[in-house]
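One structure is given here, and the rest of the page talks about it.
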Amino acid sequence: SDHMENICGYLMKYTNLVTGWQYRFFVLNNDAGLLEYFVNEQSRHLKPRGTLQLAGAVISPSDEDSHTFTVNAASGEQYKLRATDAKERQHWVSRLQICTQHHTEAIGKNNPPLKSRSFSLASQGSASSPGVQRRPSQNAVSFFNVGHHRLSTGKRVPIMQPDHLVDVREMMSQAEGQQRDLIRSIECLPVSGHLTSLDQDLLMLKATSMATMNCLNDCFHILQLQHASQQKGSLPVGTTINWLEPKVSLANHFKNGAAQNFPAEINKPASVREEQSAAEPCQLTREPEEINPDEELEDICDDKEDDLGAVEEQRSVILHLLSQLKLGMDLTRVVLPTFILEKRSLLEMYADFMSHPDLFIAVTNGTTPEERMIRFVEYYLTSFHEGRKGAIAKKPYNPIIGETFHCSWRMPKSDVATSADSNSSAHSASEQVTLPKDLEGQKEPDYYTVKFVAEQVSHHPPVSGFYAECVERKMCVNAHVWTKSKFLGMSIGVTMVGEGVLSLLEHGEEYTFSLPCAYARSILTVPWVELGGKVNINCVKTGYSASINFHTKPFYGGKLHRVTGEVKQNMTNTVVCRVQGEWNSVLEFTYSNGETKYVDLTKLSVTRKRVRPLEKQGPFESRRLWQHVTESLRDGDIDKATEHKRALEERQRNEERLRAETETPWCTKYFLKEGDGWVYHKPLWKTASAVQTQQTDTN
């Protein structure tokens, strides 16, 4: 192919945490399918400093910026590279992808499919085929714990024999033991001297070994499911299969560098046994529940997050983290220590973004499209300060699939900002959205009610849906968020993939918006939170839009938590408002007429949410679901919190495994899949429209 050309040039390569980025001379050898690099162009005739086989590799442009990309080899080795600009990055990425595809396809053509081979991973020192030389104990009956009926002796599995999986399990058990010995040997080293437990190469060795064993366990589980699908239909009715499970949970078999002794089932607290023995999905009611706001009480919970302390005080926890993480690694499946958890679920964190309901309700009171867009930008920028609950970078609980959170706010009508010309009664009858009949005839309260519901609609990928509405003001917001986290060296980045839509039914307007990325910086010392990235807010009907930049701190100098933005009319390209400041401190709004408004976020009043008491909550509502973890964290009992957390996660894994084996799809409770997003099952725009249609038919 004309595109299969050898290219070379300088790229920046990320070396390690200490050295950082360095210029290196790279050569793409298409004939050999290799990516090689040298210290500089002059040393090109010498032996390469590094070489990657491109067959089976994955070439990925980075989300961080327009210059960075990664080359992930099939061997597990990764190069993180940076070009001088977006054009050069695209040139390298396209050429690398073409070369990779060519050599990957060549391997596929030259090798028969895996299923046609006969091999054994455990037949060390034996040239005999495992199909000929089999141990009597390794047959289907001994591999499966089969009840009620035996497997038919006349039927043979054509693709994978059960004893192959037993061999794999035995090999993995040996590897797990060796990996544990390796970790102990490293952590027994002194903390100072020539060779220490904090040596960069040893930490990378720990990370690689842990990641490898986690990957092998995931692959083994896939093989189990594949074997089950092959066996489907050949097992008599009523047969039950108990899968072989890993003898040790890889993610949890070390706590702070020491081997854990797991207590017997009878010694576990009753609350843990209750968490593990939850009802099967088929026995759970998935019918939406209407929450009565009158049952909710003002929240008196005020969990202040403690400082994580300096690195010297938490050395063992940091080592535990480093042993699991690799540069660019997806953290979705990484079990982080309980020590760094906030005392709330991620679903409740989304609710805390609504802690200024007066600003939320005031959006629809704007008399002009321009004023409403500016008000929404003001509300949007003030939501992150309370939602983050301080600067300490702690992590909320990962919601369990099916977990929900409900709450509401009551806002005195006198506290909601209005405009000089704003009067809800001034709208004509044709413009008003009629309320449902169950609200008609009731005495109008002197407060507005904002109701909120969130649900974890997917586990892999982790997607949350949340919805809030104020029926009296005919406004609602619907959003879905997929949290993607990555290890970035000295920080952890979380990308909030998804979209939200604010609907103002009085005005027939919809405002679409996205969310910024979040970063936990300085994870080796005292971690702190930073927001970064560009977000957009658009209203198609009015033609107004807003562009907001959350600036990350430069390496040298610069302010923390800086944000800038502007609101403009797209038709005329006129900027009507500019904003600058810090998203957790003071914001300055400058309008087109020259006026300036300052908003001090630290002085804004926070309206406490209203939540039902625990005894009235369902078993999958966040606070009741995580209550034992939260109580243990409040008491400072990290071991007990870890035990309760592990029980919840294990229950989720067991239920997910059962659904996969029985091919049972998960049914959500409050949100429905629409295209690539999730929408609340009974949004205000649908109920209001239905009421209007019904009244029209009656008339």
Give me the strands (runs of 3 or more DSSP E) completely within region 1-103, filtered to those with at least 1 residues that are under 25 Å from residue 200 (Cα atoms), ordered by residue number. 7-14, 21-29, 34-38, 50-53, 68-72, 78-82
Which ones in region 616-666 are over 25 Å from residue 289 (Cα atoms), open to solvent by 60 Å² or more (accessible area, probe 1.4 Å) and not charged (D, E, K, R)? 654, 658, 662
Specify which of the listed residues (564, 590) is within 24 Å of residue 520 (Cα to Cα), assigned to a strand (DSSP E or B) and without any contact (Cβ under 8 Å) to a residue 24 or more places away in the chain. 564
When you check residue 515 against the structure, is it open to solvent by 30 Å² or more (accessible area, probe 1.4 Å) and in contact (Cβ under 8 Å) with a residue 40 or more places away in the chain, yes or no? no
Which pairs have Cβ atoms under 7 Å, sit 6 or more apart or on different chains, and link a residue in region 462-474 that is not assigned by the TED database to the domain that holds residue 405 to one that is in a loop (DSSP other than H, G, I, E, B) and surrounded by fewer than 22 Cβ atoms within 10 Å (Cβ to Cβ)? none
Name the one entry in 414, 425 that is at pLDDT 50 or above, open to solvent by 60 Å² or more (accessible area, probe 1.4 Å), outside any loop (DSSP other than H, G, I, E, B) and out of contact with any helix residue (DSSP H, G or I) (no Cβ under 9 Å at 6 or more places or on another chain). 414
Selection from region 458-480 of residues that are surrounded by fewer than 22 Cβ atoms within 10 Å (Cβ to Cβ) and under 25 Å from the mean Cα position of the chain (by Cα): 458, 459, 460, 461, 462
Considering only region 401-410, state which residues are buried (at least 20 other Cβ atoms within 10 Å of the Cβ) and either under 29 Å from residue 472 (Cα atoms) or at pLDDT below 90 (or both). 403, 404, 405, 406, 407, 408, 409
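Conditions tested, residue by residue: (1) more than 30 Å from the chain's Cα centre (by Cα); (2) open to solvent by less than 30 Å² (accessible area, probe 1.4 Å).
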| position | (1), (2) |
| --- | --- |
| 172 | no, yes |
| 178 | yes, no |
| 182 | yes, no |
| 186 | yes, yes |
| 190 | yes, no |
| 193 | yes, no |
| 197 | yes, yes |
| 203 | no, yes |
Looking at region 487-540 only, could you name the residues that are modelled with pLDDT under 90, in a strand (DSSP E or B) and either touching a helix residue (DSSP H, G or I) at 6+ places or on another chain (Cβ under 6 Å) or farther than 30 Å from residue 475 by Cα (or both)? 487, 491, 492, 493, 519, 520, 521, 528, 529, 530
Please verify whether region 620-637 includes one or more residues that are modelled with pLDDT of 85 or more, over 28 Å from residue 610 (Cα atoms) and part of a helix (DSSP H, G or I). no
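The values are calculated or read from the model by the stated rules, or taken from the named source; none is laboratory data. Since this is a predicted model, take the numbers as computed values, not measurements. Neighbour counts are summed over all protein chains in view; Cβ atoms, including those assigned to glycine, are modelled from backbone coordinates with ideal geometry. Accessible surface is based on the protein model in full, side chains and every heavy atom, while ligands, DNA and RNA are left aside. Shrake-Rupley method; radii C 1.70, N 1.55, O 1.52, S 1.80 Å.
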